[in-house]
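*Asks:* Pasting in a structure now, in structure tokens, and then I'll have a few things to ask.
Every read-out reported here was derived from the displayed coordinates using simple, explicitly stated rules and does not represent laboratory data. These numbers were taken from a predicted model, which means no experiment stands behind them. All Cβ positions, even for glycine, are placed from backbone atoms using ideal geometry, and neighbour counts span all protein chains on display.
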Amino acid sequence: MALNYSLLLISVAPILRRRLESLEVAVNHVAKFTCEVETAPNVRFQWYKAGREIYDGDKYSIHTSNYLSTLEILRPQVVDYGEYSCKASNQHGSVSSTALLTVTEALPPTFLTRPESITTFVGKSAKFLCTVSGTPVIEVAWQKDGTTISPSDHHKISKVENKHVLEISLLTTSDRGVYTCKASNKFGADICQAEMVIIDKPHFIKVLQSVQSAVNKKIRLECQVDEDRKVTVGWTKDGNKIPPGKDYKIYFEDKIASLEIPLAKLKDSGHYVCTVSNEAGSSSSSASVTVRGKIVLGTVYLCSSSVSAFFFCR
């Protein structure tokens, strides 16, 4: 039986144990292909590029030992792109394996488009987008104020080809800051930044005060807020909207909202509300206005010092 096995071994053609695997390398970075066959007698290895045999030399380094052969392209250039084949043969037959070599230029990452700074409101969502070019593999990391951002329900990080996106949902004031995108590969890195400004709803730092006044006097209601960016101001009296006009002067300057009544009338008495709002929400402050009439005393003639006199005001 041992003799028959030896005879069978002697007459076998090469059989591949390890096929070539396609490679992608950067310019001037060594590319190495390996071909291995099962045990067989008198195996001869030959290497080819696009069907033409290549040999050991300045450009290629070929090493063969028993049933394994390697081909190294020492300083590959873009023109070395193509199919490489290894042929293993003996007097009983041959076998081949082919793989593709891709050579890319050694380019550090560069931002083709950069994220833009954003001004938005509490409760909204925001996106930072950028596009990166360069030699793969490119790693992209996002940071806020120097701290790395990890994917979460609040922070969604995505990539489509060379486009990278950071999306932040349900914004709060703590999301304000400077956001950095860093792209890197083994040839270098590039960094870009953008700022996010988040506007909260306006809050009162000085509320309305109730007022009492006489008829025909000027009345001024005034309150102050901590935010005036994209803020609208509205006034109501007893639930009815107050339009600006000759009876009411409405102002909003330097975060101070005011309502002036140039000549107060009895009908101006009531409950006043100032509402300040933006896309993040609204706040309200209220006060009462009381307008009193003038005191009018009538003339009374007494026909006797023993008669009482009564005075009424209205």
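*Asks:* If Lys and Arg each add +1 and Asp and Glu each add -1, what is the summed charge of the other residues whose beta carbon sits under 14 Å from the beta carbon of Lys255?
*Replies:* Local charge sum for Lys255: -3.
*Asks:* Over region 22-160, what is the relative contact order in whole percent, taking alpha-carbon pairs under 8 Å and six or more residues apart?
*Replies:* RCO, region 22-160: 22 percent.
*Asks:* Using θ = phi - 60° and the Karplus curve 6.51 cos²θ - 1.76 cosθ + 1.60, what whole-Hz ³J(HN,Hα) does each residue of region 244-251 get, with Gly and Pro shown as x?
*Replies:* x, x, 5, 7, 9, 10, 10, 9
*Asks:* For the chain, with a Gaussian network of springs between Cα atoms less than 10 Å apart, report the residue from Gly57, Gly270, Gly146 with the top mean-square fluctuation.
*Replies:* Gly57
*Asks:* Turning to a different aspect of this structure: Normalised by the residues of the chain, what does the relative contact order come to in percent, with Cα pairs under 8 Å and at least six apart?
*Replies:* Result for the chain is 12 percent.
*Asks:* Would region 204-292 count as rounded, prolate or oblate if I go by the C-alpha gyration tensor, calling it rounded below 1.5 in a/c and otherwise prolate when a/b exceeds b/c, oblate otherwise?
*Replies:* Prolate, since a/c reaches 1.5 and a/b exceeds b/c.
*Asks:* With semi-axes √(5λ) of the Cα gyration tensor in Å as the read-out, I listed (i) 29, 28, 23; (ii) 94, 18, 12; (iii) 33, 21, 17; which label goes with the value calculated from this structure?
*Replies:* Recomputing semi-axes √(5λ) of the Cα gyration tensor in Å here gives the entry labelled (ii).
*Asks:* Give me a comma-separated list of calculated 3J(HN,Hα) values for region 140-152, in order, Karplus coefficients 6.51, -1.76, 1.60 applied at θ = phi - 60°, integers in Hz, x for any Gly or Pro.
*Replies:* With the stated coefficients, region 140-152 comes to 10, 10, 10, 9, 10, 6, x, 9, 5, 9, 9, x, 7 Hz.
*Asks:* Specify the residue with the greatest mean-square fluctuation among Ala257, Ala31, Ala50, computed from a Gaussian network of the chain linking alpha-carbon atoms under 10 Å apart.
*Replies:* Of Ala257, Ala31, Ala50, the Gaussian network model singles out Ala50 as fluctuating most.
*Asks:* Taking K and R as +1 and D and E as -1, what net charge do the other residues with C-beta under 12 Å from the C-beta of Pro76 add up to?
*Replies:* Summing Lys and Arg as +1 and Asp and Glu as -1 gives 0.
*Asks:* Moving to a separate point now. Restricting to Cα pairs below 8 Å that are 6+ residues apart, what does the relative contact order work out to for region 173-218? Please round to a whole percent.
*Replies:* 33
*Asks:* When ranked by the protection proxy of mean other Cβ atoms within 10 Å per residue, highest first, what sequence do the peptides 61-68, 277-284 form?
*Replies:* My ranking of the peptides, most packed first, is 277-284, 61-68.
*Asks:* So how far apart, in nm, are the two label points at Ala99 and Ala189 if each is 7 Å from Cα heading toward Cβ?
*Replies:* Inter-label distance under the simple model: 3.1 nm.
*Asks:* Towards the positive end of the charge dipole of the chain, with charges on Cβ (+1 Lys, Arg; -1 Asp, Glu), say which of Val178, Ser97, Ser125 has the farthest Cα.
*Replies:* Ser125
*Asks:* Can you work out the PRE-style zone for Gln212? Point 7 Å along Cα to Cβ, and I want the residues of region 251-265 with backbone N under 17 Å.
*Replies:* Residues passing the 17 Å test: 265.
*Asks:* Oh, and also: Under unit Cβ charges (Lys, Arg +1; Asp, Glu -1), what dipole magnitude, rounded to 20 debye, does the chain have relative to its Cα centre?
*Replies:* Dipole size: approximately 1640 debye.
*Asks:* Given springs between every Cα pair under 10 Å in a Gaussian network model of the chain, which of Glu139, Glu24, Glu161 has the largest fluctuation?
*Replies:* Greatest mean-square fluctuation among the candidates belongs to Glu161.
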